[in-house]
């Protein structure tokens, strides 16, 4: 098994098509807008490129064959049973996004690097959790007295629209007018406007007894951490912000991954 492979978006989708994948989660259609003739010409160039990278080779009757270990890695992603999206929006760094795919207990991480898709097999659920926790440096060092608040999605949208760049004061006013206290309003607006850290983990399971969507969203500030939960009550959508400690945040992330991807699935050896 290769330690990693690097593919252009079109190379990746071409191999996925050979594996009969109808959709590649998290990847946009790199062939969009091309007609059949253009796609045929592109496929010839993709085959040449894949051969040059050592990922494919001509066969004995003049055909073209992708190497088995490359097919195995791409198949886990293209035909996954579980899809994980991790976003880390940090004040001091650009947004970090990583995609993870699992199939039959095997896990592959996909990250972008200078336009290329890097696919990296990882060794199991504990390794997946370590990747998710990497680069998370909690700002909250004390347990501040912050309140649990529930705000309608419409008010949150209005507050975000009122904020101007990094000046979120008008957004804070909107939240306070809806009954939110000043500290909570400031923390929430800092999260919405990118002035503080925001972490999101969304896991989609496509089949089996765990089928469904599971997620955790966290706003991390020097004054404390908020866990976000979306709630639908009749026709109204709201978001509940519950204060948690650093230890609780770490446990929530660990439990989320461990519950959806049980540790008996050990992944690549």
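The values are calculated or read from the model by the stated rules, or taken from the named source; none is laboratory data. What you are looking at is a predicted structure, and each value in this text was computed from that prediction instead of being measured. When we count neighbours, we look across all protein chains shown, and the Cβ atoms used for this are built from the backbone with ideal geometry, even at glycine.
Points to keep in mind about this one:
- From 175, 261, 253, residue being touching a helix residue (DSSP H, G or I) at 6+ places or on another chain (Cβ under 9 Å), assigned by TED's automatic domain parsing to the domain that holds residue 131 and within 20 Å of residue 96 (Cα to Cα): 253
- Selection within the stretch 47-81 - over 30 Å from the mean Cα position of the chain (by Cα) and outside any loop (DSSP other than H, G, I, E, B): 48, 51, 52, 57, 58, 64, 65
- Hey, residue 141 out of contact with any strand residue (DSSP E or B) (no Cβ under 9 Å at 6 or more places or on another chain), over 16 Å from residue 257 (Cα atoms) and either modelled with pLDDT under 85 or assigned to a loop (DSSP other than H, G, I, E, B) (or both) or not: yes
- Of all residue pairs spaced 6 or more apart or on separate chains, those with beta-carbon atoms under 8 Å, a first member in the stretch 42-62 that is modelled with pLDDT under 90 and a second member that is part of a loop (DSSP other than H, G, I, E, B) and surrounded by 12 or more Cβ atoms within 10 Å (Cβ to Cβ) are 42/31; 42/34; 57/67.
- Qualifying residue in the stretch 225-238 (condition: over 30 Å from residue 69 (Cα atoms), out of contact with any helix residue (DSSP H, G or I) (no Cβ under 8 Å at 6 or more places or on another chain) and part of a helix (DSSP H, G or I)): no
- Residue match in the stretch 89-96 (condition: part of a strand (DSSP E or B) and either out of contact with any helix residue (DSSP H, G or I) (no Cβ under 9 Å at 6 or more places or on another chain) or farther than 22 Å from residue 137 by Cβ (or both)): yes
- Scanning the stretch 185-203 for residues that are in contact with a strand residue (DSSP E or B) (Cβ under 7 Å, 6 or more places away or on another chain) and buried (at least 18 other Cβ atoms within 10 Å of the Cβ) gives 187, 188, 190, 191, 196, 197, 198, 199, 201, 203.
- When 132, 136, 151 are checked against the criterion of being part of a strand (DSSP E or B) and either in the same structural domain as residue 203 (by TED's automatic domain parsing) or without any contact (Cβ under 8 Å) to a residue 24 or more places away in the chain (or both), a single residue qualifies: 151.
- Residues (over 14 Å from the mean Cα position of the chain (by Cα), assigned to a helix (DSSP H, G or I) and crowded, with 20+ Cβ neighbours inside 10 Å) located in the stretch 111-129: 125
- Filter result for residue 108 (at pLDDT 95 or above, part of a strand (DSSP E or B), in contact with a helix residue (DSSP H, G or I) (Cβ under 9 Å, 6 or more places away or on another chain) and surrounded by 18 or more Cβ atoms within 10 Å (Cβ to Cβ)): yes
- Residue match in the stretch 193-207 (condition: farther than 26 Å from residue 261 by Cα, assigned to a helix (DSSP H, G or I) and either assigned by TED's automatic domain parsing to the domain that holds residue 145 or in contact (Cβ under 8 Å) with a residue 24 or more places away in the chain (or both)): no
- Selection within the stretch 249-269 - farther than 14 Å from residue 136 by Cβ and modelled with pLDDT of 90 or more: 255
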